[in-house]
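Data first, discussion second: the structure below is written as structure tokens.
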Amino acid sequence: MMTDILSVLTAENLLFLLDGLKMTIFYAGSTILLSICLGLILALLRSYSLGFWGKLAAMYIEVLRNTPLILWILGIRFLTPIPPLWSGVVSLTLFETAIIAEIIRGGLGGIPKGQFEAGHSQGFTFLQVLRFIVVPQCFRSIVPALLSQVITIVKDSSFLWAVAIEEFTGKGMILMGRFTSTAQVFTLFALMAAVYFTINFLLSAAVRRQSAKTGRKPTLEDLSAVTA
Amino acid sequence: MKTSPFSLDKWLRFFTNWEAMAEGFTRTLVIALLSLTLALAVGVVLGILSSSNNKALRRAVRCYVELFQNIPLVIQIYFFYYVLPYAGVVMDQFAIGVLGVGLYTGAYISEVVRTGIQSIPTGQMEAAKSQGFTYVQAMRLIILPQAFRLILPPLTNQAVNLIKNTSVLAIIAGGDLMYQADSLAASKLFYGPAYVTTGLLYFILCFPLSTMARKLEQRMHRKAAAPVAVSKKAPAQALAAPQTQMGGI
């Protein structure tokens, strides 16, 4: 049994898994950065534009939020000529942008209207009010919600294995195929679960610390915005 | 010439296979309903336990929630499908779908229930006890009915997440809508129509629910914003108000 466990935890296997972990971090990291930028644009459009662009943003958000991620991963992979590596970034970003847009929109909704009036009275243009007054406050208030979504994105990246992108889950399942004993399979599996757990638990501890810092505990609405 | 992924020919071939899609859709629906039932049961029980006074109980629930929320659903599903058989526990994909998605969503629902219970002023429990209610009676007759109204929007959103998450079964050949669409598309080469229709079907299931959740949330906001009038409805308005700064995680 001990030899079985040790046969899983060889340097070679651990390095193999580490490659996958790097990919997971690459996918999660680039998705977070891209979807915060794009999500901000969509949230601003949906919140402040009543015309065509606002409606388009709302439509995009509703369509993406009400369909499963795996559908977009498969669709982008098999219906577009985007190469496999980037199709993962594109599909994750498309999907998470919609969710982050709603989180940002929630933050924008909490900014009192008086802030705009005050800004205008000081000679700020609409865009300047957004840039210097509204958006910075909004981001400060949604840090916990955004961090929660980072956890979801790390977890969501494991869906990429559905199109054979070898992130952490993928590498783990490839290794899994080489093992046959119960102890080996359980060891490898426990290792995979423990790695995800550690990353996400640290992130969720950060969420709690942030919430404590602002003195504002998560409300039911915050829980509503969090996707599983 | 390369044919479009959405050519008429592909649509026609796709529609001759509608029965397989209908089968997948029904299966997704049944799995979603059963796992939602399980998730609600797990969520309500754990939610109540985590707002109890017993520290050991609260800690045990905390472990469950952290464990299920911080490990990807894909990994949990693989655990049931790939690892448990090594320990002699073999389940078919249907059972894995109900159990896996149900236990996962249960962790999220328990957080919603806990936050809901904690948002009811503690005075209510004290008042009930002073009137001779036991803890269980007070919970069932006084706290939970009030909390339920508050948690309906996030609960509905969790139901939407649950429906979307049943698509994880596609990775273990679960026979659900996503799997049926994908395997059909791969074998008959009509990815375009299959994926578009699948998206539409999930949208039809999820959009009404998420719209309802938003409407309910907006109504609570309006109630919270309105001045509390002295009327028979006053308790409901007063309840909606503490939502902005209730206790939580």
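The values are calculated or read from the model by the stated rules, or taken from the named source; none is laboratory data. Just so it is clear, the model here is predicted, and its values are computed rather than measured. Every residue, glycine as well, gets a Cβ built from its backbone with ideal geometry; the counts of neighbours run over all protein chains shown. The area values use the complete protein model at the heavy-atom level, side chains included, leaving out ligands, DNA and RNA. Shrake-Rupley method; radii C 1.70, N 1.55, O 1.52, S 1.80 Å.
Filtering B:Phe133, B:Phe94 for residues that are more than 8 Å from chain A (Cβ to nearest Cβ), open to solvent by 50 Å² or more (accessible area, probe 1.4 Å), at pLDDT 95 or above and out of contact with any Asp or Glu (no Cβ under 7 Å at 6 or more places or on another chain) leaves a single hit, B:Phe94. You will find that of A:Val90, A:Val163, the residue that is surrounded by fewer than 21 Cβ atoms within 10 Å (Cβ to Cβ), β-branched (Val, Ile, Thr), out of contact with any strand residue (DSSP E or B) (no Cβ under 9 Å at 6 or more places or on another chain) and closer than 25 Å to A:Leu14 by Cα is A:Val163 and no other. For segment B:30-39, the condition holds for no residue, the condition being that it is surrounded by 14 or more Cβ atoms within 10 Å (Cβ to Cβ), more than 17 Å from the chain's Cα centre (by Cα), away from every other protein chain (no Cβ under 12 Å) and in a helix (DSSP H, G or I).
Each row is one residue, and each column tells you yes or no for (1) within 30 Å of B:Ser4 (Cα to Cα); (2) touching a strand residue (DSSP E or B) at 6+ places or on another chain (Cβ under 8 Å); (3) open to solvent by 10 Å² or more (accessible area, probe 1.4 Å).
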residue	(1), (2), (3)
A:Ile76	yes, no, yes
A:Pro81	yes, no, yes
A:Ile104	no, no, no
A:Gln115	no, no, yes
A:Thr125	no, no, yes
A:Val135	no, no, yes
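When segment B:185-198 is filtered for residues that are open to solvent by less than 10 Å² (accessible area, probe 1.4 Å) and not hydroxyl-bearing (Ser, Thr, Tyr), the ones remaining, listed by number, are B:Ala185, B:Phe190, B:Gly192, B:Pro193, B:Ala194. Apart from one condition, A:Phe95 fits all of (1) outside any helix (DSSP H, G or I); (2) under 30 Å from A:Met192 (Cα atoms); the exception is (1). Within segment B:100-114, is there a residue that is part of a helix (DSSP H, G or I), free of Cβ contacts under 8 Å to residues at least 12 places away in the same chain and more than 9 Å from chain A (Cβ to nearest Cβ)? Scanning segment B:100-114 turns up no residue that is part of a helix (DSSP H, G or I), free of Cβ contacts under 8 Å to residues at least 12 places away in the same chain and more than 9 Å from chain A (Cβ to nearest Cβ).
Condition check ((1) facing another protein chain (nearest Cβ under 10 Å); (2) closer than 15 Å to B:Val44 by Cα; (3) assigned to a helix (DSSP H, G or I); (4) open to solvent by less than 40 Å² (accessible area, probe 1.4 Å)) across all residues:
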{"position": "B:Glu126", "(1), (2), (3), (4)": "no, no, yes, no"}
{"position": "B:Lys129", "(1), (2), (3), (4)": "no, no, yes, no"}
{"position": "B:Arg149", "(1), (2), (3), (4)": "no, yes, yes, no"}
{"position": "B:Gln158", "(1), (2), (3), (4)": "yes, yes, yes, yes"}
{"position": "B:Asn161", "(1), (2), (3), (4)": "yes, no, yes, yes"}
{"position": "B:Asn165", "(1), (2), (3), (4)": "yes, no, yes, yes"}
{"position": "B:Leu169", "(1), (2), (3), (4)": "yes, no, yes, yes"}
{"position": "B:Ser183", "(1), (2), (3), (4)": "no, no, yes, no"}
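Taking helices (runs of 4 or more DSSP H) as the structural unit, those lying wholly within segment A:124-184 and holding at least 1 residues that are at pLDDT below 90 and among the small types (Gly, Ala, Ser) correspond to A:135-156. Answer yes if at least one residue in segment B:140-155 is at pLDDT 90 or above and over 24 Å from the mean Cα position of the chain (by Cα), and no otherwise. Checked segment B:140-155: at least one residue is at pLDDT 90 or above and over 24 Å from the mean Cα position of the chain (by Cα).
Checking B:Ala87, B:Ala60 one by one, the residue that is of a type outside the set (Phe, Trp, Tyr), surrounded by fewer than 17 Cβ atoms within 10 Å (Cβ to Cβ) and within 11 Å of chain A (Cβ to nearest Cβ) is B:Ala87 and no other. Of everything in segment B:63-84 that is within 9 Å of chain A (Cβ to nearest Cβ) and open to solvent by 30 Å² or more (accessible area, probe 1.4 Å), the residue that is nearest to A:Ser181 (Cα to Cα) is B:Tyr82. Here A:Val195 fulfils each of the conditions (1) touching a residue at least 40 places away in the same chain (Cβ under 8 Å); (2) within 9 Å of another protein chain (Cβ to nearest Cβ); (3) open to solvent by 30 Å² or more (accessible area, probe 1.4 Å) apart from (2). Scoring B:Arg219 on the criteria (1) within 7 Å of chain A (Cβ to nearest Cβ); (2) over 20 Å from B:Val101 (Cα atoms); (3) of a type in the set (D, E, K, R) leaves a single failure, condition (1). Per the conditions (1) of a type in the set (A, V, I, L, M); (2) open to solvent by 20 Å² or more (accessible area, probe 1.4 Å); (3) more than 10 Å from chain B (Cβ to nearest Cβ); (4) touching a residue at least 60 places away in the same chain (Cβ under 8 Å), the sole criterion not satisfied by A:Leu175 is (2).
Being of a type outside the set (A, V, I, L, M), in contact with a Lys or Arg (Cβ under 6 Å, 6 or more places away or on another chain), farther than 22 Å from A:Glu96 by Cα and modelled with pLDDT under 95 is a description that applies to B:Gly175.
Contact map, segment A:112-127: residues that are free of Cβ contacts under 8 Å to residues at least 60 places away in the same chain paired with residues that are in a helix (DSSP H, G or I), Cβ distance under 6 Å, separation 6+ or inter-chain. Pairs shown: A:Gln115/A:Ile133; A:Phe116/A:Val129; A:Gly119/A:Val129; A:Gly119/A:Ile133.
Scanning segment B:171-181 for residues that are open to solvent by 10 Å² or more (accessible area, probe 1.4 Å) and facing chain A (nearest Cβ under 8 Å) turns up just one, B:Ile171. The residues listed here are A:Leu6, A:Leu17, A:Leu21; of these, the one that is under 29 Å from A:Val143 (Cβ atoms), assigned to a helix (DSSP H, G or I) and either modelled with pLDDT of 95 or more or not aromatic (Phe, Trp, Tyr) (or both) is A:Leu21. Quick check on my filter: what residues within segment A:41-60 are among the aromatic types (Phe, Trp, Tyr) and surrounded by fewer than 17 Cβ atoms within 10 Å (Cβ to Cβ)? Result: A:Tyr48, A:Phe52, A:Trp53.
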